[in-house]
Amino acid sequence: MLFDTHAHLNFEAFENDWRETAKRALLAGIKIINVGSNLETSKKAVAIAEEFSEGVYAAVGLHPSEVQEEQLDIKEYKKLAAHPKVVALGEIGLDYYRLPDTIRPEGAGGVADGKQIKTPTEIKNLQKEVLLKFLKLSEETKLPVIVHCRDAHADLIDLLEKFDKPKGFDARGVMHCFSGSFEEARRYLNLGFLISFTGIITFAHFEGETLAKTPLNKIMVETDCPYLTPEPHRGKRNEPLFVEFVAKEVARIKNESYEEVARVTTENAKRLFQKIK
Ligand code: NI
């Protein structure tokens, strides 16, 4: 058995065959969490989960790259979070790599095409504001968080460590599609996070040090499909079935058996996503 802890069958790429794609994975013993990136895809993730009696779950959240397009109404996400199939909040986080096209240099004119344009600093602040609202919701609902971070580890670690101070950050979560250094991983582990890896680890240029050093009982596997298709299917659309290639590569890099990696990563997922019975 395997657990694809981060999939997007709720995205357009699977519009016509999400049901068949999920069934293929379930038949192979693979469970799935479909992760939302805004209110619409979050609702779709819940709707897909409702179609299966077991093995398909949902996470609801607003992706940092979408904070300009959607005015966050946290109450809407709170409603979704109460659904029995919603096992986490995500994906949420900070992304300074994919800042929207509309950014203007600091201090430049503020309007384009009749729309108010934010500076990079304003966008980063908005991402942090949204993330904090979801961290508070995580405390309130006791749901773990699925965190996306790109080119923003220093700010994210700082924010999480400060959030930790007054209340104790026991909501726990996972750093999804992790590509940081082991030093960064270590700080997330100290904050109670698991570390999750995608098909990127099967690519030739992948530097395996962080994965090699992270203990197996802190690791989960995921596809992030339709993106990041692992070898040997690179170039095709990714799907939950292919999480097997990620787990095999974890086994190879960590010098463990595939069965052991499958068993422990699945246990880790069940420990983190406690709403799964
Ligand atoms: Ni994703």
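In order along the range 34-47, the Karplus-derived 3J(HN,Hα) couplings, from 6.51 cos²θ - 1.76 cosθ + 1.60 at θ = phi - 60°, round to 8, 10, x, 10, 7, 5, 5, 6, 5, 4, 5, 4, 5, 4 Hz, and Gly and Pro are given as x. Relative to the longest principal axis of the chain, what angle (0 to 90°, nearest 10) does the C-alpha long axis of helix 18-27 take? It is inclined by approximately 40 degrees.
Taking a threshold of 27 Å on the Cα-Cα distance, which of the pairs 136/218; 31/142; 31/162; 142/218; 85/133; 23/44 fall above it?
Distance filter (> 27 Å) returns 31/162.
Using only the alpha-carbon atoms, how far is helix 120-141 inclined from the longest principal axis of the chain? Give it as 0 to 90 degrees, nearest 10. That helix lies at roughly 60 degrees to the long axis. The slack in the chain from residue 158 to residue 237, taken as 0.36 nm per residue of separation less the alpha-carbon distance, amounts to 24.9 nm. Helix 153-167 and the longest principal axis of the Cα set of the chain meet at an angle near 90°.
Between residue 227 and residue 79, the simple label model (points 7 Å from Cα in the Cβ direction) yields a spacing of 2.8 nm. Applied to the range 66-78, the Karplus parametrisation 6.51 cos²θ - 1.76 cosθ + 1.60 on θ = phi - 60° returns per-residue 3J(HN,Hα) values of 10, 5, 7, 7, 10, 7, 4, 10, 4, 4, 5, 5, 4 Hz, with x for Gly and Pro.
Taking all protein chains as present, what is the carbon and sulfur share of the accessible area of the range 2-272, in % to the nearest whole number, probe 1.4 Å? Accessible surface attributable to carbon and sulfur in the range 2-272 totals 49 percent. The relative contact order of the chain, computed from alpha carbon pairs under 8 Å that lie at least 6 residues apart in sequence, is 19 percent. Judged by the gyration tensor of its Cα atoms, with axes a ≥ b ≥ c, the range 134-266 is prolate; a/c meets the 1.5 cut and a/b is the larger of a/b and b/c. If both residues of a DSSP beta bridge must be in the chain, then about 5% of such bridges are antiparallel. Note on residue 253 and residue 71: their simple-model spin labels are 4.3 nm apart, each label 7 Å out from Cα toward Cβ.
The values are calculated or read from the model by the stated rules, or taken from the named source; none is laboratory data. Quick caveat: nothing in here was measured; it's all calculated off a predicted structure. Quick reminder, even Gly has a Cβ in these numbers, built from the backbone with ideal geometry, and neighbours come from all protein chains shown. These accessible areas exclude ligands, DNA and RNA; they are computed on the full protein's heavy atoms, side chains included. Shrake-Rupley method; radii C 1.70, N 1.55, O 1.52, S 1.80 Å.
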